[in-house]
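Where a number appears in this text, it was derived from the coordinates with a stated rule and is not lab data. Only a predicted model underlies this, so the values are computations on that prediction, with no experimental measurement involved. All Cβ positions, even for glycine, are placed from backbone atoms using ideal geometry, and neighbour counts span all protein chains on display.
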Amino acid sequence: MTPAKRIGKYPVIREIGQGAVGKVYEGFDPDTGEKVAIKILRAEHLADSRADSAGARFEREAQATRRLRHPNIVSVHEYGEQGRIKFIAMEFLNGRELRELMRERGRFELDDAVSVTLQLLDALGHSHRHGVVHRDIKPSNVMVMDGLHVKVMDFGIARIERAAFTQIGTLLGTPAYMSPEQMRGEPADGRADLWAVGVMLYEMLVGRGPFAGASAVEVMQKAAMLEPAPVSSLVASLPRTLDEVLRRALAKRRDDRYQEAADFARELVKAVAVAAESVDLDLAVDAQPTAPAGSERRPAQ
């Protein structure tokens, strides 16, 4: 179906993506001339009861996200309706999904993985303080721009689609990044987002997720029951100080995890700094000149 030439006040340029119940278009703001991304939810794609629920959540989440103003969160300009279409106009991002970058790199250098993680934690700390829990943090919901600057996307939007089309009861999220409490169908708070960041950090450092499996069910079983291998045991160059950070980030019980994004960030920075100091000390010791054999000083007579 050809889109309207205009959605709300925004002239449409082209379609740039689509999901189960909606599409994303590139457009521009006639008032500023800036590009915008326009996400739409089409009610006719859903049964009537689901359309009402999805539409209400789309509006509620759009309004919540619009309150967020952070350099690492995509900016929402407007929520609106046009006939049976509900739309959100937001910042147009010219970058690549983190998932694409992870496939290309295999694994990240430590500094890059930490940089991405700290930006994610700063963004989530901001959203949690404003009462917005993402619940579907994953690499395809993170856009990476030049300079490894990241933007978190889809606060609640992907969640709406999964709410209508899930095949696992009422679970919301993506299995590889879902916390144990989400898998049990329990209400998720900010600590579920922090679990997902822990999974992503592990994946960036090692090149694979901590709970790899052949199916979604196997991944979920491992996440609920097994402890992942320490990253330092898989990549020799990684400091063991990271093992404790990830152990806590991926604790099965949410009360055992980092309770706030700032706590996670602080411990991650500390772990990297302690490891760097240890390396500097080792280098300093190795650099000490060694006295030639037989030249030991004799005590003064």
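Which order do LEU234, LEU98 fall in if you start with the one that has the fewest other Cβ atoms within 10 Å?
On the way: LEU234 16, LEU98 25.
Least to most surrounded, the residues fall as LEU234, LEU98.
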Using label points projected 7 Å from each Cα along Cα→Cβ, tell me how many nm separate ASP112 and ARG129, to one decimal. 3.0 nm
Quick check on my link table: of LYS138/LYS270; LYS23/LYS151; LYS9/LYS39; LYS35/LYS138; LYS86/LYS151, which ones sit more than 18 Å apart, alpha carbon to alpha carbon? LYS138/LYS270; LYS23/LYS151; LYS35/LYS138; LYS86/LYS151
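Mind checking the full-extension length gain between ALA212 and GLU91? Use 0.36 nm per residue of separation minus the Cα-Cα distance, one decimal, nm. Don't skip to the answer; put the middle values down first.
Working: separation 121, 0.36 × 121 = 43.56 nm, distance 3.38 nm.
So the extension gain works out to 40.2 nm.
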How large is Rg over Rh for the stretch 96-277, taking Rg from the Cα atoms and Rh as the Kirkwood inverse mean of 1/r across Cα pairs? 0.93
Give the calculated FRET efficiency between GLU227 and ARG67 to the nearest 0.05, with a Förster radius of 41 Å applied to their Cβ-Cβ distance. 0.60
